[in-house]
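As structure tokens, the structure follows; a few thoughts come after it.
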């Protein structure tokens with residue numbers, strides 16, 4: 001305590017520049033972990049008061065929670081396989097839906113399992129409907145816990161359903177899977193029938209197109225005589241035949257020219273007759289051949305007279321007969337060169353055939369568009385016939401495939417159905433009860449910590465020293481109220497001189513001695529507090545008694561004109577309204593020596609307030625009070641003034657300027673730090689020297705401020721002996737202080 005700085009009649013050590021403004025101090029208390037731990041220790045009752053009811057209520061609710069059972073099984077969904085050739089053909093021909101979309105079959109059916117319409121089908125099943133008839137929306141209530149989990153990289157699914165009734169839960173899941181399997185089978189059949197229907201529609205369309213093409217080709221052939229039954233052009237065939245005959249005649253013309261040259265070289269060689277005879281024989285053979293062909297055509301062709309082939313062979317026969325008749329009519333003449341006449345005849349025939357050949361070429365060129373159109377129609381008919389044959393083959397294959405797909409299972413269910421659950425999956429009551437207990441305790445701890453965080457009340461001495469910036473002179477625990485310590489509404493520690501409370505006041509006196517050694521004598525000491533009820537009068541009384549027991553001549557002066565209270569503790573047997581005191585001295589009616597009263601403790605004198613009812617408060621600032629303090633400080637070692645509170649009153653601001661120092665008493669848990677700082681600021685503005693702070697009424701962590709374990713029984717025995725010895729002494733005459741007259 002030697003380092004405490006006390007300035008008489010000047011500003012507090014917290015100010016360095018001479019300004020009247022207080023040093024900036026935080027308005028709130030800085031909370032540490034120890035503060036919260038201390039709050040939990042103090043308010044463990046609140047923690048338990050919150051935790052126990054909540055834990056009991058939670059346990060009751062947990063025990064009343066219905067058991068939940070889970071029925072689960074594993075299924076497999078496999079998409080149907082449809083012939084891709086038929087699917088492609090149908091899709092291109094009639095615009096049907098491409099069965100390639102079946103790649104989404106598994107994903108779509110996974111959505112089916114979670115769909116509302118499937119749940120509606122289940123709850124409307126005759127076996128399920130009576131069991132759920134009392135529910136407003138059974139589909140939503142029963143299937144909100146349905147879970148569908150797909151195994152990775154497979155088409156298998158884990159299906160689970162939760163419910164409070166294990167039998168109903170199993171039945172619901174069984175019915176769901178059976179209906180799902182049935183609907184999937186129906187959906188597959190519908191898709192297969194749809195594909196087959198598309199294929200048949202395509203077949204019918206192709207068939208109609210082919211019939212239409214055949215009719216158009218027939219009409220075109222009936223209107224045109226240019227194309228034969230075999231699909232070839234008649235003009236083209238005549239053109240080819242005439243060209244062939246023209247080539248033969250040109251070849252023969254060359255032969256005749258060669259023979260004529262030989263005849264001119266060998267006159268005796270007559271090849272004309274031989275050549276004419278051979279030509280007649282050749283023409284006769286051709287005439288017989290053409291006749292046989294015409295007879296055969298006459299037997300096979302219905303319309304022989306108009307048939308193009310019959311007309312063509314008839315024309316050839318006529319030409320042959322005409323040539324044969326010409327050769328026979330020519331008389332054989334003996335000439336040297338018979339070839340000239342034959343060559344001339346052959347030349348004329350070549351010219352005629354050239355003209356006919358050119359005429360046929362012109363006719364053939366004019367008939368090309370019509371011919372090409374008919375050829376295109378015939379090609380289309382052939383292609384349609386090929387497509388019809390192909391699609392008929394695919395339809396037959398698809399009907400066989402349909403039978404196999406319908407008989408196969410797209411949804412494979414487990415054998416034996418879903419197993420009935422026997423053990424509930426939740427709630428785990430023990431875990432929930434433990435968690436609720438922990439949560440309740442946590443809530444209680446949280447509420448206490450929140451209250452501690454919000455509460456800025458000063459409860460420990462460190463809050464005062466850190467927040468106010470004043471030295472701590474001592475910590476006084478809450479004095480236990482017993483028959484020995486109760487005195488005139490004050491707690492009297494001198495009745496228990498070996499108690500923890502008595503040692504606390506001894507520590508305060510020791511701290512004051514340290515301050516006096518450092519700054520000089522400190523005789524007059526004003527004891528005050530921020531507000532009424534902090535224990536300043538009790539502190540004044542016990543501090544004065546402690547100083548007296550230490551051998552100091554001590555005067556206790558009650559200067560609280562508003563609420564004087566020390567007379568009840570130190571004066572017995574006299575009416576308090578007739579007791580003379582400070583008021584009488586300040587009015588000049590009595591000298592101060594006649595108002596001094598001795599107490600049961602040696603070295604302790606007391607001047608009461610007197611009757612303040614007819615005295616104004618302003619009397620405390622008069623010269624008489626200052627003279628009184630100067631006078632008593634010359635007769636006593638220690639003069640302790642029990643003053644009024646600071647806040648709202650001007651009394652301490654006046655009294656503080658007349659004493660050596662002021663002692664501020666702060667009760668634990670009674671003020672916020674802001675209130676204490678206000679009181680400090682008021683004293684500093686009045687230039688009152690503050691010796692330090694006494695922290696009064698400490699309840700918790702008292703063991704941290706004591707070194708011994710005090711035994712109340714032994715203490716009371718010593719107290720009784722001390723009181724008996726003190727009362728055996730005769731009191732000294734009043735007014736006989738040190739240096740008194």
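The values are calculated or read from the model by the stated rules, or taken from the named source; none is laboratory data. Predicted model only: the values in this text are computed from it and were never measured. Heads up, the Cβs are rebuilt from the backbone with ideal geometry, glycines too, and the neighbour counts pull from every protein chain shown.
For segment 40-62, what are the residues that are within 11 Å of residue 441 (Cα to Cα) and surrounded by fewer than 17 Cβ atoms within 10 Å (Cβ to Cβ)?
Within segment 40-62, 44, 46, 48, 49, 52, 53 qualify.
What number of residues within segment 514-545 are under 10 Å from residue 641 (Cα atoms) and without any contact (Cβ under 8 Å) to a residue 24 or more places away in the chain?
Qualifying residue count for the region: 0.
Name the residues in segment 657-676 that are surrounded by 21 or more Cβ atoms within 10 Å (Cβ to Cβ) and modelled with pLDDT of 85 or more, would you? Quick ask: steps written out before the conclusion?
Kept after step one, since they are surrounded by 21 or more Cβ atoms within 10 Å (Cβ to Cβ), are these residues of segment 657-676: 659-668, 671, 673, 676.
Matches in segment 657-676: 659, 660, 661, 662, 663, 664, 665, 666, 667.
Please work out which one of (1) under 30 Å from the mean Cα position of the chain (by Cα); (2) in a helix (DSSP H, G or I) is the condition residue 424 fails and give its number.
Against the list (1) under 30 Å from the mean Cα position of the chain (by Cα); (2) in a helix (DSSP H, G or I), residue 424 comes up short only on (2).
If a residue has to be part of a loop (DSSP other than H, G, I, E, B), out of contact with any strand residue (DSSP E or B) (no Cβ under 8 Å at 6 or more places or on another chain) and under 30 Å from residue 39 (Cα atoms) to count, how many in segment 653-693 make the cut? Steps first, please.
Filtering segment 653-693 down to residues part of a loop (DSSP other than H, G, I, E, B) leaves 656-660, 668-671, 686-689.
Now narrow it down to the ones that are out of contact with any strand residue (DSSP E or B) (no Cβ under 8 Å at 6 or more places or on another chain): 657, 686-687.
If we keep only those that are under 30 Å from residue 39 (Cα atoms) too, we end up with none.
The qualifying residues number 0.
Checking residue 644 against (1) over 15 Å from residue 583 (Cβ atoms); (2) assigned to a loop (DSSP other than H, G, I, E, B); (3) over 60 Å from the mean Cα position of the chain (by Cα), only one condition comes out false. Which one?
So residue 644 meets the others, but not (1).
Can you run down the residue pairs with Cβ atoms below 7 Å, 6 or more apart or on separate chains, where the first is in segment 432-444 and without any contact (Cβ under 8 Å) to a residue 40 or more places away in the chain and the partner is part of a helix (DSSP H, G or I)?
none
In this structure, is residue 239 assigned by TED's automatic domain parsing to the domain that holds residue 279 and modelled with pLDDT under 85? Step through it out loud before you land on a result.
Working: assigned by TED's automatic domain parsing to the domain that holds residue 279: yes; modelled with pLDDT under 85: yes.
Answer is yes for this residue.
Return a yes/no flag: does segment 166-188 have any residue that is under 44 Å from the mean Cα position of the chain (by Cα), over 30 Å from residue 419 (Cβ atoms) and part of a helix (DSSP H, G or I). Spell out how you get there, then give the answer.
From segment 166-188, those under 44 Å from the mean Cα position of the chain (by Cα) are 166-188; that's our starting set.
This time we only want the ones that are over 30 Å from residue 419 (Cβ atoms), so: none.
No, that holds for no residue.
Identify, by number, the condition in (1) at pLDDT 80 or above; (2) closer than 30 Å to residue 161 by Cα; (3) surrounded by 15 or more Cβ atoms within 10 Å (Cβ to Cβ) that residue 65 doesn't meet.
For residue 65, the failing item is (3).
In segment 443-464, how many residues are touching a strand residue (DSSP E or B) at 6+ places or on another chain (Cβ under 9 Å) and in a helix (DSSP H, G or I)? Let's see the steps before the verdict.
Filtering segment 443-464 for residues touching a strand residue (DSSP E or B) at 6+ places or on another chain (Cβ under 9 Å) gives 455-464.
Adding the requirement that they be in a helix (DSSP H, G or I) leaves 461-464.
Here the count works out to 4.
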